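Asker: Mind looking over this structure? Questions follow.
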Amino acid sequence: MQPLNFDVPIDIDQFGLTSEQLIGTREREVIRRFWDKKRQAVLDLGIDFFQPFTREHQKFLLSTEHEGALLGGNSSAKSWTAAAKFTAIMIGRHPTIKHRTPCAGWVACEDFSLTKEGPLKALLTLGSQYIAEFNQHDKIIKYKNGSEAQLKSFESGWKKFQSAAVDVVWLDEEPPEDIYKECQLRTLRTSGYIFTSMTPLEGMTYMYEQIFGDGNEKKYIDTYIISLFDNFTLKEEDIERTIRNYSSQERDARIYGKFTQMAGLVYPEFRKGKHTIPRFKLSGDYVVFTGIDPHTTTPTAVVFLAAVSYTHLRAHETVLDLVCRLLLEKKKTNKDKSNVNQTIPLTTQDLHCQ
């Protein structure tokens with residue numbers, strides 16, 4: 001079968017303007033009308049009529065790197081573009097990636113309800129001429145050439161991503177780091193492909209570090225960035241109304257698809273994947289402390305600390321604040337051990353949280 005045509009039908013570079021600068025011009029309205037017709041053809045006939053909006057969309061589609069990411073603002077067509085790349089590989093018609101078929105693929109997002117409304121709709125629409133069956137019970141798309149795509153959710157946990165080798169993985173939005181690592185392992189033996197389509201709303205996460213490293217230079221993941229303005233099917237009034245709803249802190253991520261540190265974090269260097277651990281049940285060997293710092297004009301601070309009885313836990317005075325001062329001594333008598341689960345309230349003299 002012939003490779004799909006992923007050429008850009010209207011190159012906006014000819015106008016000497018960016019997609020954002022085209023807002024309010026006559027050219028933008030002409031482009032929108034063209035893409036309205038193109039969009040209907042894709043909805044009716046599938047991937048044979050799919051083409052990218054911009055050069056950046058196209059670069060992501062044609063990239064042959066084994067790990068990739070398409071960062072985009074909301075409604076920037078990032079998911080449909082990623083769905084087109086996934087479908088093209090699965091049916092063996094990708095213009096630049098010549099992977100064996102039939103192949104096994106995974107499509108994953110935050111939960112199954114989102115999969116149904118987002119990625120699944122795009123996959124079924126684009127693959128309408130190439131899909132033999134969609135098994136709703138097992139959540140498997142079976143293609144006519146024998147390829148199969150399994151739908152998965154991040155909420156099921158990383159253990160559900162342990163399996164045999166997989167050829168291609170599409171992650172819709174940023175997955176937990178442990179799931180991403182499992183996907184890397186699953187594509188290792190097949191020399192397969194992993195790509196993520198996401199709006200970076202979680203701040204400077206592990207994904208930022210994978211892409212930019214320590215010096216704002218691309219490190220591991222081949223990355224392309226698109227904006228809300230790059231979706232030429234959107235009407236200008238809808239774009240303006242959407243933008244008004246975003247705070248100044250949200251705009252970089254939700255409009256331009258850029259990583260940004262959302263305001264409000266006391267410790268901007270905090271990383272969820274690095275500084276948190278899975279929940280676990282406390283055993284009887286732990287002493288639990290509760291500290292409360294009430295305030296009438298600012299948020300009340302509450303902290304819970306737990307330590308095994310033989311642990312010395314200290315927190316020291318820093319340059320900025322006295323954070324807390326605790327010392328847990330090893331229990332020496334049975335009487336002490338009987339109080340091991342007691343919750344001990346601390347005064348602000350014992351524990352001060354800013």
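Bear in mind that the values in this text are calculations on the coordinates, not laboratory data. These numbers come from a predicted model, not from an experiment. Cβ placement follows ideal geometry from the backbone for every residue including glycine, while neighbour counts extend to all protein chains displayed.
Asker: Using the number of other C-beta atoms within 10 angstrom as an exposure proxy, rank 94, 295 with the fewest first.
Answerer: Result, fewest neighbours first: 295, 94.
Asker: Counting other C-beta atoms within 10 Å, and keeping those with at most 13, which DSSP coil trypsin sites (Lys or Arg not before Pro) do you find in region 20-128?
Answerer: Sites meeting the loop and neighbour criteria: 98, 100.
Asker: How long are the semi-axes of the equivalent ellipsoid of region 78-145, taking √(5λ) for every eigenvalue λ of the Cα gyration tensor, in whole Å from largest down?
Answerer: The three semi-axes for region 78-145 are 19, 14, 10 Å.
Asker: With Rg and the Kirkwood Rh both taken from Cα atoms, where does Rg over Rh land for region 90-231?
Answerer: That ratio equals 0.96.
Asker: Sort 171-178, 62-69 by the packing proxy (mean of other Cβ within 10 Å over each peptide's residues), most packed first.
Answerer: 171-178, 62-69
Asker: Between residue 287 and residues 5 or more places away or on another chain, which pairs have amide H atoms under 5 Å apart, with H built 1.01 Å from N, and which residues are they?
Answerer: Hits under the 5 Å cutoff: 307, 308, 309.
Asker: Next question, about the same structure. Compute the length gained on full extension between residue 64 and residue 165: take 0.36 nm times their separation in residues and subtract their Cα-Cα distance, giving the result in nm to one decimal.
Answerer: Gain on extension, residue 64 to residue 165, equals 34.4 nm.
Asker: Another question, then. Sort 168, 288 by Cβ crowding within 10 Å, fewest neighbours at the top.
Answerer: Fewest-to-most ranking of 168, 288: 288, 168.
Asker: What are the residues whose amide H is under 5 Å from the amide H of residue 67, where those residues sit 5 or more places off or on another chain and H is modelled from the backbone?
Answerer: For residue 67, the qualifying residues are 194, 222.
Asker: Once a ≥ b ≥ c are taken as the square roots of the eigenvalues of the Cα gyration tensor of region 217-257, is the result rounded (a/c under 1.5), prolate (a/b larger than b/c) or oblate (a/b not larger than b/c)?
Answerer: Values: a/c = 5.47, a/b = 1.71, b/c = 3.20.
Oblate, because a/c is 1.5 or more while a/b does not exceed b/c.
Asker: Also: For residue 226, which sequence-distant residues (separation of 5 or more, or a different chain) have an amide H within less than 5 Å of its own amide H, given hydrogens modelled in the peptide plane?
Answerer: The list, which skips near neighbours in sequence, is 71, 72, 73.
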